[in-house]
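Here is the structure we will look at.
The values are calculated or read from the model by the stated rules, or taken from the named source; none is laboratory data. Since this is a predicted model, take the numbers as computed values, not measurements. Here the Cβ is made from the backbone with ideal geometry for all residues, glycine too, and neighbour counts use every protein chain on show.
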Amino acid sequence: MGNVIGKERMMKLKLVFHILISLIGFVSVVLHIVYSPDPMTSITKYTAQTNLIVSITFFLSSLAILWIKDQIPFIDFLKNASVIYMTVCFFTYHFLLASAGEYSGIRVITNFTLHYLIPMLVVMNWLVFEKKKKHSYKFIFYWMIYPIIYCIVSSLRGLLDGYYPYFFLNPNVGLPAGVGSYSNVVWFIIAFLIVFAILGYLLITFNRITLFISNKSKPSSKHNMRKTNVF
């Protein structure tokens, strides 16, 4: 009985946490764009797009918890993708982009929530609330689809109108506004994709190790390891 009550309490906490992430993320994205000197430029940023993905993902997850008391596999897939995307968002901004510009007004707050708070909350949710499952390593390639499309679309747009959302995608000028050549852009993209692949590998491996240890401590359920398939 106590175990059931504990699970229900954790589910309620998980629901509240998901709603919090969704609301903070969505409001922050909207305000960050609306109060931008150039809203159309802000929409093209990886930060805005990935935080919007996270907001939608956790909103759908909240509905799933309310309606079916469980997670839909595709939403689970998106939440794992959110961990990877937000980790890249956090470290890329902190180490490569934070010194490149300053914010004022409400965007000081939204800059913090989008680059730091939401990434930390998403990782915390994964560590504390998400049930660890035996995902296939092929998911790494699925999680990389969005970053690949983002780089391709951003590069093609740059060829058309000369605008690049980040310096490492700009081949036309040298540092700090660009990287000086198309070959350097390609190397940067490859480096980022490697980072995405490593993070995906670590996430799946951590899930598998955690699940293995959990099942070891519960002999009666050692044959119940679930391999999640989305596609």
Check your understanding: Exactly one of (1) at pLDDT 95 or above; (2) surrounded by fewer than 12 Cβ atoms within 10 Å (Cβ to Cβ) is unmet by Leu175. Its number?
Key -> (1)
Check your understanding: Could you say which residue among Ile149, Ile68, Ile109 is among the β-branched types (Val, Ile, Thr), out of contact with any strand residue (DSSP E or B) (no Cβ under 6 Å at 6 or more places or on another chain) and not assigned by TED's automatic domain parsing to the domain that holds Lys45?
Key -> Ile149
Exercise for review: Consider Ile84 carefully, then state whether it is surrounded by fewer than 19 Cβ atoms within 10 Å (Cβ to Cβ) and over 24 Å from Pro176 (Cβ atoms).
Suggested key: no
Exercise for review: Test Gly180 against the criterion of being surrounded by 13 or more Cβ atoms within 10 Å (Cβ to Cβ), more than 19 Å from Cys89 (Cβ to Cβ), at pLDDT below 95 and out of contact with any strand residue (DSSP E or B) (no Cβ under 6 Å at 6 or more places or on another chain), and give yes or no.
Suggested key: yes
Exercise for review: Would you check which residues across region 27-48 are surrounded by fewer than 17 Cβ atoms within 10 Å (Cβ to Cβ) and touching a helix residue (DSSP H, G or I) at 6+ places or on another chain (Cβ under 8 Å) and list them?
Suggested key: Tyr35, Pro39, Ile43
Exercise for review: Return yes when Leu97 is farther than 18 Å from Thr57 by Cβ and not acidic (Asp, Glu) and no when it is not.
Suggested key: yes
Exercise for review: Being of a type in the set (Ser, Thr, Tyr) and loosely packed, with under 13 Cβ neighbours inside 10 Å is the filter; apply it to region 202-217 and report the residue that is farthest from the chain's Cα centre (by Cα).
Suggested key: Ser217
Exercise for review: Quickly run through region 39-58 and pick out the residues that are over 19 Å from Ile109 (Cβ atoms) and not β-branched (Val, Ile, Thr).
Suggested key: Met40, Tyr46, Gln49, Phe58
Check your understanding: Hey, among the residues in region 131-157 that are more than 15 Å from the chain's Cα centre (by Cα) and outside any helix (DSSP H, G or I), which one's farthest from Trp187 (Cα to Cα)?
Key -> Lys131
